[in-house]
Amino acid sequence: MIKSKFVSFLSSYRCLAFLIGIAFGMVPAMTASANSPALVVIIVIDGLPQEQLVKYRDLYGPGGFRLLLEDGAWYGNAHHGHAVTLTAPGHASVLTGTYPYRNGIIANEWIDRHTLQQVYCTGDSAHTYIGEETGKLDGTSPANLRVSTVGDELRYATGGQSKVIAVSGKDRGAILLAGKRGTAYMYMSKSGRFASRTYYMQALPEWHASYYAQRPQDKWFTQSWTLSQPEASYARSTSNAPWTRNFFGIGQVFPFKPGRSSAPNGAYYAALIATPFGDEATLEFAQTAMEGEQLGRNPAGVTDLLGISLSTHDYVNHAFGPESRQSQDHLLRVDRSLAGFFQHLDRTLGLRNVAIVLTADHGFMNVPEYTAAYGMGGERLNSLKLMGALNEHLTARYGPGNHALRFSYPTIILDQALITKKGLNPADVETAAAHHLMKDPSIAAVYTRTQLETGALSDSMPLSKQVLRAWNRDLSGDLYIVQNPNGVFTSNVATHGSPYTYDTNVPLVFYGPRWFKPGKKPQAAAVVDVAATLSYLLDIRPPTANEGRVLEEILR
């Protein structure tokens, strides 16, 4: 009874403080309840399909994926809900709770339809890398992200007392998880260090200098990536397929040795991130950042957030395909690396005080030649030929000129100035172009700007909802193209980017027995549901454009 009265008094006091704060123009910072996690860890594995996670489940060791699948709540039917399943849109959706049509991240890079200049998803010429060379299209800030993230709302709710840190092998992976108010650290392929940008700070912290004084990035120089398990364990994956190529200059078959010179150099650092050692380096730096920033030990008693994007699996799958022995072995090594990271969390904070979410930015299609061999289609499309044939058709119909200017996957940009000059109706030109493209047996669907702007989409048109979520009226092109299943516009051995299930179906796991009920869940879920669920758990406002649902079936 006394405890109940005290809680009631405390609650009333907080309400009074909140009202006084509003009256005087200052809202006191929120502190976490005793049941809130000390740290939320978001892990995004770049290019991991759901089917691959469960395919090798019997080969996982203790403490990694097995910990999450046995003691966490997870979905076998979780998907990205947008059609453009690329790295940047996938990462942006996790903590914004919304899709490209609202968050502004329509691809990894795209062509500005007005200037025809290339735009990088996290590019910003106003900022540079700290202590590292900055290229023209390098990712330096979240300027193109149009909405808030869970981390942004968490820092707002706590008056800036919550710390939000994101670490990734790719700049876009870190920046889009860090949001507007967090801090991102990205891998530098010329130095092997993780560094930040002037958007976040003017100088790197002391703990960063102390860490790199020992040159930890060089410790893998003499190591080779070899099979981690006996030969018999790889019966479910392909070996030495004819379509493999030289992988980052270090060969086509095991073993792969990133260090091939007399001393660590740029070639070594560039190859390192594409091997399992790259994920090890990412997790080690994440641990260093945790300790340096004292994440999970916030003296204000509020929750901190750590985002980790492991980039290597995407590199491996692009080079060998998700059905390959290299991809399988890499995933088994990720399992081992995560087990070590979770042990670190347990030693330093206690796993019972940490909530973990694991997902992926997109899945992956199999190598087209592999699927073709199984009679499931599989073809490589040539965008130059596609554009050439389209312009020939439009010239024959409307007269001289390149009416179709650029292919900016998955869209085509039309020459609106030429269309206006000729006095043509843009909708008529779009329709004519779409009808021509649909005659190509490799194309499944074409959506025009007029259809997407007005919502004039027939129920018979496939995948229209996913395309609507992927298309932004200000940024995207005039024709949205969807190729047939297992068809690709790329020179990579394998890729992703389509609206089909092999690209949309990804892992979605919530670990934290104090907050989430363990077990495989039969319900459908979306990656955008992460933001809503974490916002509910942390008692904060959802991100500004959130469209996800709270996954109430997993909450205690």
**OP:** State all residues of the stretch 144-155 that are touching a strand residue (DSSP E or B) at 6+ places or on another chain (Cβ under 8 Å) and surrounded by fewer than 24 Cβ atoms within 10 Å (Cβ to Cβ); if no residue qualifies, say none.
**Re:** ASN144
Original post:
Does GLN287 satisfy the criteria of being open to solvent by 10 Å² or more (accessible area, probe 1.4 Å) and under 15 Å from ALA339 (Cα atoms)?
Top reply: yes
Original post:
If LEU306 passes every condition in (1) open to solvent by 10 Å² or more (accessible area, probe 1.4 Å); (2) touching a residue at least 40 places away in the same chain (Cβ under 8 Å) but one, which one does it miss?
Top reply: (1)
Original post:
Among (1) closer than 17 Å to ILE356 by Cβ; (2) open to solvent by 40 Å² or more (accessible area, probe 1.4 Å), which single condition is LYS465 missing?
Top reply: (1)
Original post:
Quick one: would you say ALA274 is in contact with a Ser or Thr (Cβ under 7 Å, 6 or more places away or on another chain), part of a loop (DSSP other than H, G, I, E, B) and open to solvent by less than 40 Å² (accessible area, probe 1.4 Å)?
Top reply: yes
Original post:
Of (1) in a loop (DSSP other than H, G, I, E, B); (2) closer than 30 Å to ARG449 by Cβ; (3) not aromatic (Phe, Trp, Tyr), LEU384 satisfies all except one. Which?
Top reply: (1)
**OP:** Consider only pairs whose beta carbons are under 6 Å apart and that are at least six residues apart or on different chains; among these, list those whose first residue lies in the stretch 149-173 and is at positive phi and whose second residue is open to solvent by 10 Å² or more (accessible area, probe 1.4 Å).
**Re:** GLY159/ALA29
Original post:
In the stretch 519-548, which residues are out of contact with any strand residue (DSSP E or B) (no Cβ under 8 Å at 6 or more places or on another chain) and more than 16 Å from THR359 (Cα to Cα)?
Top reply: PRO522, SER535, ASP539, ILE540, ARG541, PRO542, PRO543, THR544, ALA545, ASN546, GLU547
**OP:** Would you be able to tell me the number of residues in the stretch 390-433 that are open to solvent by 60 Å² or more (accessible area, probe 1.4 Å) and over 39 Å from the mean Cα position of the chain (by Cα)?
**Re:** 6
**OP:** Take the residues in the stretch 132-147 that are part of a loop (DSSP other than H, G, I, E, B) and under 19 Å from LEU475 (Cα atoms), then tell me which one is modelled with the lowest pLDDT.
**Re:** LEU137
Subject >> Total residues in the stretch 65-85, condition buried (at least 22 other Cβ atoms within 10 Å of the Cβ), assigned to a loop (DSSP other than H, G, I, E, B) and touching a helix residue (DSSP H, G or I) at 6+ places or on another chain (Cβ under 7 Å) >> reply: 5
Original post:
Would you call THR158 under 21 Å from the mean Cα position of the chain (by Cα), crowded, with 19+ Cβ neighbours inside 10 Å and of a type in the set (Val, Ile, Thr)?
Top reply: no
Original post:
Taking the stretch 142-171 only, how many residues are farther than 20 Å from ILE308 by Cβ and either acidic (Asp, Glu) or out of contact with any Cys (no Cβ under 9 Å at 6 or more places or on another chain) (or both)?
Top reply: 10
Original post:
Has the stretch 484-505 got any residue that is under 26 Å from GLU70 (Cβ atoms) and of a type in the set (Gly, Ala, Ser)?
Top reply: no
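Residue-wise test of (1) at pLDDT 95 or above; (2) surrounded by fewer than 23 Cβ atoms within 10 Å (Cβ to Cβ).
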| position | (1), (2) |
| --- | --- |
| ASN492 | no, yes |
| TYR511 | yes, no |
| PHE516 | yes, no |
| VAL527 | yes, no |
| SER535 | yes, yes |
| ASN546 | yes, no |
| GLU553 | yes, yes |
Original post:
What are the residues in the stretch 395-407 that are in contact (Cβ under 8 Å) with a residue 12 or more places away in the chain and either in a helix (DSSP H, G or I) or in contact with a strand residue (DSSP E or B) (Cβ under 7 Å, 6 or more places away or on another chain) (or both), if any?
Top reply: ARG397, TYR398, HIS403, ALA404, LEU405, ARG406
**OP:** Could you figure out which of (1) part of a loop (DSSP other than H, G, I, E, B); (2) more than 19 Å from VAL84 (Cβ to Cβ); (3) charged (D, E, K, R) isn't true of GLU392?
**Re:** (1)
Original post:
Which one is most open to solvent (accessible area, probe 1.4 Å), of the residues in the stretch 172-197 that are of a type in the set (D, E, K, R) and closer than 18 Å to LEU305 by Cα?
Top reply: ARG181
Original post:
Hey, which of the strands (runs of 3 or more DSSP E) in the stretch 412-518, taking only ones fully inside, have at least 3 residues that are among the aliphatic types (A, V, I, L, M)?
Top reply: 443-448, 479-483
Original post:
Got at least one residue in the stretch 259-269 being open to solvent by 20 Å² or more (accessible area, probe 1.4 Å) and aliphatic (A, V, I, L, M)?
Top reply: yes
Original post:
Consider MET376 against the criteria (1) assigned to a loop (DSSP other than H, G, I, E, B); (2) open to solvent by 10 Å² or more (accessible area, probe 1.4 Å); (3) over 23 Å from ALA241 (Cβ atoms); (4) not basic (Lys, Arg): it satisfies all of them except one. Which criterion is unmet?
Top reply: (3)
Original post:
Say we look at the stretch 208-237 and pick out the residues that are outside any loop (DSSP other than H, G, I, E, B) and small (Gly, Ala, Ser); which of these is nearest to SER191 (Cα to Cα)?
Top reply: ALA209
Original post:
Can you spot a residue in the stretch 199-208 that is buried (at least 24 other Cβ atoms within 10 Å of the Cβ), in contact with a strand residue (DSSP E or B) (Cβ under 8 Å, 6 or more places away or on another chain) and not acidic (Asp, Glu)?
Top reply: no
**OP:** Could you list all residues from the stretch 317-338 that are part of a helix (DSSP H, G or I), of a type in the set (Gly, Ala, Ser) and open to solvent by less than 10 Å² (accessible area, probe 1.4 Å)?
**Re:** SER327
Original post:
Out of all the residues in the stretch 100-125, which are part of a loop (DSSP other than H, G, I, E, B), open to solvent by less than 10 Å² (accessible area, probe 1.4 Å) and not aliphatic (A, V, I, L, M)?
Top reply: GLY104, CYS121, THR122
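The values are calculated or read from the model by the stated rules, or taken from the named source; none is laboratory data. Computed from a predicted model, the values in this text were never measured in an experiment. FYI the Cβ positions are ideal-geometry reconstructions off the backbone, even for glycines, and counts take in every protein chain you see. Areas reflect the complete protein model, heavy atoms only, side chains present, ligands, DNA and RNA absent. Shrake-Rupley method; radii C 1.70, N 1.55, O 1.52, S 1.80 Å.
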